[in-house]
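One structure is given below, encoded as structure tokens.
Readers should treat all values here as calculations from the given coordinates under stated rules, not as data from a laboratory. Quick caveat, the model's predicted, so the values are computed rather than measured. Heads up, the Cβs are rebuilt from the backbone with ideal geometry, glycines too, and the neighbour counts pull from every protein chain shown.
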Amino acid sequence: MAYDPDNVFARILRDEIPSERVYEDDEFIAFKDIAPAAPVHLVLIPRGEPPTSLAGLGAADVAWAGRMLVAAGEIARLAGLEDGGYRVVFNCGRDAGQLVPHIHAHILGGGDLGAIAGGN
Ligand code: 5GP
């Protein structure tokens, strides 16, 4: 799928849409989700024009994708989630309800998160 430079997260990266950033480095930013699904709900995204989801990743992406996971753990630690625990979720495609076509990880915590999947 071609990258849509006007997707919400691209616009957040360009500061065209305000966000509450909680973390940034050369490759990634993390910000508070506008509609939190847990007491702490952060969204971690790569800068630039990454694949739209995990489905678009290949061998050339192994290094930065690994660093994204390392960043997710570090951001959870900085958010104070390490003791209680947390969940990291990549929504990929329709059945997962993915809305924004820019690969991202949800970092959820701050209370009992319940079962891993809703619905059925
Ligand atoms: P997805 O469903 O694509 O995995 O997750 C997209 C997430 O982005 C949703 O949890 C949604 O609440 C969040 N979101 C959508 N628009 C905005 C926005 O303008 N600002 C922020 N901070 N989060 C947003």
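The modelled label-to-label distance for the pair residue 32/residue 83, using points 7 Å beyond Cα in the direction of Cβ, is 2.1 nm.
Here the spin labels are modelled as points 7 Å beyond Cα on the Cα-Cβ line, and at residue 92 and residue 4 they lie 2.0 nm apart.
For the stretch 1-62, the C-alpha radius of gyration sits at 1.18 times the compact-globule guess of 2.2 N^0.38 Å, with N the residue count.
Per Stokes-Einstein, at 4 °C and 1.567 mPa s, what whole-number D in µm² s⁻¹ belongs to the chain, with the Kirkwood radius over Cα pairs as the hydrodynamic radius? Walk me through the numbers before you get to the answer.
Values: Rh = 14.8 Å.
The estimated diffusion coefficient comes to 87 µm²/s.
Over the Cα atoms of the stretch 48-87, Rg to Rh with Kirkwood Rh, two decimal places? In the stretch 48-87, Rg relative to Rh is 1.09.
The calculated FRET efficiency for the pair residue 17 and residue 113, based on their C-beta separation and a Förster distance of 22 Å, comes to about 0.25.
Taking N as the residue count of the stretch 77-120, its C-alpha radius of gyration divided by 2.2 N^0.38 Å amounts to 1.32.
What's the exposure ranking of 26, 4, going from fewest to most Cβ atoms within 10 Å?
Details: 26 6, 4 14.
Placing the least packed residue first, the sequence is 26, 4.
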